[in-house]
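Undergrad: One structure, pasted below without further comment.
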Protein chains: 2
Amino acid sequence: MTTSDAGLLADLNPLPSGLDARLRDHLTFLIEVDKLKTILRQSPLAAAQRRENDAEHSWHLALMVMVLAEYADEPIDVGHTIKLVVVHDLVEIYAGDTPIYDTEAGVSQQEREEAAADQLFGILPEDSGRALRALWDEFEARTTPEARFAKAMDRFQPLLLNWMAKGGTWRTPGVTAEAVRGRKAVIGEASKTLWETARHLIDEGERRGWARG
Amino acid sequence: MTTSDAGLLADLNPLPSGLDARLRDHLTFLIEVDKLKTILRQSPLAAAQRRENDAEHSWHLALMVMVLAEYADEPIDVGHTIKLVVVHDLVEIYAGDTPIYDTEAGVSQQEREEAAADQLFGILPEDSGRALRALWDEFEARTTPEARFAKAMDRFQPLLLNWMAKGGTWRTPGVTAEAVRGRKAVIGEASKTLWETARHLIDEGERRGWARG
């Protein structure tokens, strides 16, 4: 899925001359991010027989933030938390999606994603790129209540899809219910209620044979 | 595309017992909205040979708000504007997408969308549903700077995709460059700069034969 060598999407049909240079850079970036719609995740949709892509996943998280904010253990700025989820997967445009249970790919993930961030946010005017990069760094660091809640949404959303699929990625070879609980525990850093709910879904999935014991 | 008679998605595999009733309603709604990923728009993606769906379109608008907010003619609350674009197309889950140049479908659009909003937001606990409905009403009414900017993004984004497609929906039978300009003029209510840019893209598209004169 790495498309970093393919050049900018906007170069395939350059924007017309006569645009302000700063605005041209903004639009070039906004065309480039169309690629996020082609980055497939492992999760199966609940509403159709296909895998989810990063762009629709990110939208789903944004709506989840709005609906589930009341379960946050610490006060959060909802608008800011939505910004974090909107940008959180952008680096996958160049770094690809790293499946959550692929521990080997996980090792090189941070390095690949840092390089991808430099490349992608570098398309923007410097101040605009710095602002988006700061949001991605905040999401990754999880040192703010907003970042912890955004991360919790990122881990909680696939649980809903896996539940609807009666297993989904829980059925990945080698993955156990205990491994799923381990990867999802980070939800508890943001919301006791949602972490209890997540465990309830996983426990019940295990009981029904949708995840291995 | 109307799926209102098909029942709730969550009914296909009910959530386990033992969940708090309020939280269950929140999760039932968040599963239901997965359907937005199956509502196809007319716009072709720039990054792949397929049409765009409403969920990824809404994500794209959210990122556009963040990147283009500096071009707003009035001060806007960026976080609030993002909320508006995240919810703006939700009613299409039951009402379907109404193509922008389909004037016949446009007549019944408001009525169908109001009914869809009652149905969809009615899945939620009353206060949560009222909050999301208020955002959708605000977007539709365009009486706040945030709603005007959100609407501008909704009209500007397909211009970028159509530009990349060397025409896209501009080539819809019966549609002229002048009709496109007419439908896009609302961008000017939020940003003089972005409206000038939109006109520049349409004018240049017409000059190149991608839109009929």
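The values are calculated or read from the model by the stated rules, or taken from the named source; none is laboratory data. Quick caveat: nothing in here was measured; it's all calculated off a predicted structure. Because the Cβ atoms are built from the backbone with ideal geometry, glycine has one as well, and the counts that use them run over all protein chains shown. For the accessible areas, the whole protein counts, side chains as well, though only heavy atoms, and no ligand, DNA or RNA atoms are used. Shrake-Rupley method; radii C 1.70, N 1.55, O 1.52, S 1.80 Å.
Undergrad: Step by step: first the residues of region B:198-213, then only those that are assigned to a helix (DSSP H, G or I) and open to solvent by less than 10 Å² (accessible area, probe 1.4 Å), then the one that is farthest from residue B:68 (Cα to Cα). Which residue is that?
TA: Filtering region B:198-213 for residues that are assigned to a helix (DSSP H, G or I) and open to solvent by less than 10 Å² (accessible area, probe 1.4 Å), the one farthest from residue B:68 (Cα to Cα) comes out as B:205.
Undergrad: Let me spell it out: the conditions are (1) in contact with a Pro (Cβ under 6 Å, 6 or more places away or on another chain); (2) of a type outside the set (Val, Ile, Thr); (3) buried (at least 22 other Cβ atoms within 10 Å of the Cβ), and residue B:158 meets all of them except one. Which number is the exception?
TA: Condition not satisfied by residue B:158: (1).
Undergrad: Let me ask something else. Report every pair of residues separated by at least 6 positions or lying on different chains whose Cβ atoms are under 8 Å apart, first residue within region B:179-197 and within 14 Å of chain A (Cβ to nearest Cβ) and open to solvent by 20 Å² or more (accessible area, probe 1.4 Å), second part of a helix (DSSP H, G or I) and of a type outside the set (A, V, I, L, M).
TA: Matching pairs, first to second residue: B:193/B:71; B:195/B:184; B:195/B:188.
Undergrad: Out of all the residues in region A:1-17, which are at pLDDT 95 or above and in a loop (DSSP other than H, G, I, E, B)?
TA: A:8, A:13, A:14, A:15, A:16, A:17
Undergrad: Restricting attention to region A:162-171, does a residue exist that is crowded, with 17+ Cβ neighbours inside 10 Å and away from chain B (no Cβ under 14 Å)?
TA: Within region A:162-171, one or more residues are crowded, with 17+ Cβ neighbours inside 10 Å and away from chain B (no Cβ under 14 Å).
Undergrad: Note down all Cβ pairs under 8 Å where the first residue falls in region B:10-33 and is over 15 Å from residue A:60 (Cβ atoms) and touching a residue at least 24 places away in the same chain (Cβ under 8 Å), the second is of a type in the set (S, T, N, Q) and surrounded by 14 or more Cβ atoms within 10 Å (Cβ to Cβ), and they're at least six residues apart or on different chains.
TA: So the pair list comes out as B:25/B:128.
Undergrad: Can you tell which of B:133, B:112 is part of a helix (DSSP H, G or I), within 14 Å of chain A (Cβ to nearest Cβ) and among the charged types (D, E, K, R)?
TA: Details: B:112 fails: within 14 Å of chain A (Cβ to nearest Cβ).
It is B:133.
Okay, residues lined up against (1) within 9 Å of another protein chain (Cβ to nearest Cβ); (2) modelled with pLDDT of 95 or more; (3) open to solvent by 10 Å² or more (accessible area, probe 1.4 Å):
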residue	(1), (2), (3)
A:26	yes, yes, no
A:33	yes, yes, no
A:36	yes, yes, no
A:44	no, yes, yes
A:48	yes, yes, yes
A:51	no, yes, yes
A:59	yes, yes, no
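Undergrad: Same structure again: Hey, among the residues in region A:61-85 that are of a type in the set (Val, Ile, Thr) and in contact (Cβ under 8 Å) with a residue 24 or more places away in the chain, which one's surrounded by the fewest Cβ atoms within 10 Å (Cβ to Cβ)?
TA: A:76
Undergrad: Out of (1) open to solvent by 40 Å² or more (accessible area, probe 1.4 Å); (2) more than 9 Å from chain A (Cβ to nearest Cβ); (3) part of a helix (DSSP H, G or I), what's the single condition that is false for residue B:101?
TA: Among (1) open to solvent by 40 Å² or more (accessible area, probe 1.4 Å); (2) more than 9 Å from chain A (Cβ to nearest Cβ); (3) part of a helix (DSSP H, G or I), residue B:101 violates only (3).
Undergrad: Determine whether region A:119-140 contains at least one residue that is on the phi > 0 side of the Ramachandran plot and either of a type in the set (Ser, Thr, Tyr) or touching a residue at least 40 places away in the same chain (Cβ under 8 Å) (or both).
TA: No: region A:119-140 contains no residue that is on the phi > 0 side of the Ramachandran plot and either of a type in the set (Ser, Thr, Tyr) or touching a residue at least 40 places away in the same chain (Cβ under 8 Å) (or both).
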